[in-house]
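Sharing a structure, written as structure tokens. Questions coming.
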Amino acid sequence: MSQQDLSKDNPILEAKALTRRFGGLVAVNDVSFSVQKHEIFGLIGPNGAGKTTLFNLITCLLPPSSGQLIYQGEEISQLRPHQVASKGISRTFQNIRLFGELSAWENVMIGRHIHSRNSHPLPALVSGMLALPTANQQEKETKQKALELLEMMGLSDRTTEKAKNFPYGDQRRLEIARALALEPTILLLDEPAAGMNPNEKHQLSDFIRKIRDRFNLTIILIEHHVPLVMGLCDRIAVLDFGELIALGEPAVVRNDPAVIEAYLGDE
């Protein structure tokens, strides 16, 4: 993304003084930032800094104790997770969450459930049982979209294989395919490079840029592999003990004394 693009005041997501408490523990403390459309935005910090909690706030798996979350001009922090997903915010998880007994194809098709629409007055289940044309057309479209995503991930030769039998890297790609099946505008990736070797991490950077451009996405990612984040992200936010200690372009964040002390000193 060019500097000209980033200078535009065109936020797709804004966190305003977000705070989340768990009893006496403050996991996220008064965090504010905005993310621009089409940006790749990195979120880094030590273990326990509050990064995954912040992801859970953005996807409304947790409500904030205080503060606001604004998505495309709408306050969404009190919505339910499925409502946020239907608005266009999708995610992967630090610990992969696939349906192990289901095939790759079925896992991705499940990700498209929010796009299933049935104009027939009967419930979708009954329509499917009766093989009504609307249900048949929806199923065909869902299968085709899922296959296209699996092909893009390089998994088209394993569509009927159970997800639990995939190696770790392929499970990561399958989870991303399922997240893309929601047709999001914002994709949140929680440690996408975890468990990958250096060559796979390099390929992952290229892949993230590719899906950003192909699907016109905004991407927010948590990642501990600092070289990947520095080379990939347009801007980076750094959390430490739940507080935002730095925010800016990679070169600025890399040289910030507070970031070096809290996080980058071991790099």
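How many of the residues in segment 138-181 are outside any helix (DSSP H, G or I), surrounded by 20 or more Cβ atoms within 10 Å (Cβ to Cβ) and in contact (Cβ under 8 Å) with a residue 60 or more places away in the chain?
Looking only at that region, the number is 1.
List every residue pair whose Cβ atoms lie under 6 Å apart, where the two residues are 6 or more positions apart in sequence or sit on different chains, the first residue falls within segment 88-101 and is over 18 Å from residue 193 (Cα atoms) and small (Gly, Ala, Ser), and the second residue, located anywhere, is crowded, with 19+ Cβ neighbours inside 10 Å and modelled with pLDDT of 90 or more.
Final answer for the pair search is 88/184; 88/185; 100/163.
Going residue by residue through segment 99-118, is there one that turns out to be in a loop (DSSP other than H, G, I, E, B) and at pLDDT 90 or above?
So the first thing to find is which residues in segment 99-118 are in a loop (DSSP other than H, G, I, E, B), and the list is 99-102, 111-112, 116-118.
If we keep only those that are at pLDDT 90 or above too, we end up with 101-102.
Yes: segment 99-118 contains one or more residues that are in a loop (DSSP other than H, G, I, E, B) and at pLDDT 90 or above.
Also, I was wondering about something else. For segment 205-227, give me each residue that is closer than 22 Å to residue 152 by Cα and in contact with a strand residue (DSSP E or B) (Cβ under 9 Å, 6 or more places away or on another chain). Spell out the reasoning first.
First, the residues of segment 205-227 that are closer than 22 Å to residue 152 by Cα: 205-221.
Answer for segment 205-227, where residues must be closer than 22 Å to residue 152 by Cα and in contact with a strand residue (DSSP E or B) (Cβ under 9 Å, 6 or more places away or on another chain): 208, 209, 211, 212, 215, 217, 218, 219, 220, 221.
Return only the number of the condition from (1) closer than 25 Å to residue 197 by Cα; (2) outside any loop (DSSP other than H, G, I, E, B) that residue 261 does not satisfy.
Among (1) closer than 25 Å to residue 197 by Cα; (2) outside any loop (DSSP other than H, G, I, E, B), residue 261 violates only (1).
Which of the residues belonging to segment 65-78 are at pLDDT below 95 and buried (at least 18 other Cβ atoms within 10 Å of the Cβ)?
Selection gives 77 alone.
Something else about it: Which residue pairs have Cβ atoms under 7 Å apart, sit 6 or more places apart or on different chains, and have a first residue in segment 12-37 that is on the phi > 0 side of the Ramachandran plot and a second that is surrounded by fewer than 19 Cβ atoms within 10 Å (Cβ to Cβ) and small (Gly, Ala, Ser)?
17/32; 17/66; 17/67; 30/17
Checking the condition of a type in the set (S, T, N, Q), farther than 18 Å from residue 240 by Cβ and more than 16 Å from the chain's Cα centre (by Cα), which residue from 32, 90, 65 passes? So that I can check it myself, show each step before the final result.
Numbers: 32 fails: farther than 18 Å from residue 240 by Cβ; 90 fails: more than 16 Å from the chain's Cα centre (by Cα).
Being of a type in the set (S, T, N, Q), farther than 18 Å from residue 240 by Cβ and more than 16 Å from the chain's Cα centre (by Cα) holds for just one of 32, 90, 65, which is 65.
If you don't mind, another one. State all residues of segment 210-241 that are outside any loop (DSSP other than H, G, I, E, B) and farther than 30 Å from residue 257 by Cβ; if no residue qualifies, say none. Lay out the reasoning, then the answer.
Kept after step one, since they are outside any loop (DSSP other than H, G, I, E, B), are these residues of segment 210-241: 210-214, 218-222, 226-232, 235-240.
Of everything in segment 210-241, those that are outside any loop (DSSP other than H, G, I, E, B) and farther than 30 Å from residue 257 by Cβ turn out to be 210, 211, 212, 213, 214.
Oh, and also: Which residues, taken from segment 235-253, are touching a helix residue (DSSP H, G or I) at 6+ places or on another chain (Cβ under 6 Å) and either at positive phi or not hydrophobic (A, V, I, L, M, F, W, C) (or both)?
Listed by number, the residues that qualify are 240, 250.
The values are calculated or read from the model by the stated rules, or taken from the named source; none is laboratory data. Everything quoted here is computed from the prediction, not taken from an experiment. Don't worry about glycine lacking a Cβ; one is built from the backbone with ideal geometry, like all the others, and counts go over all protein chains shown.
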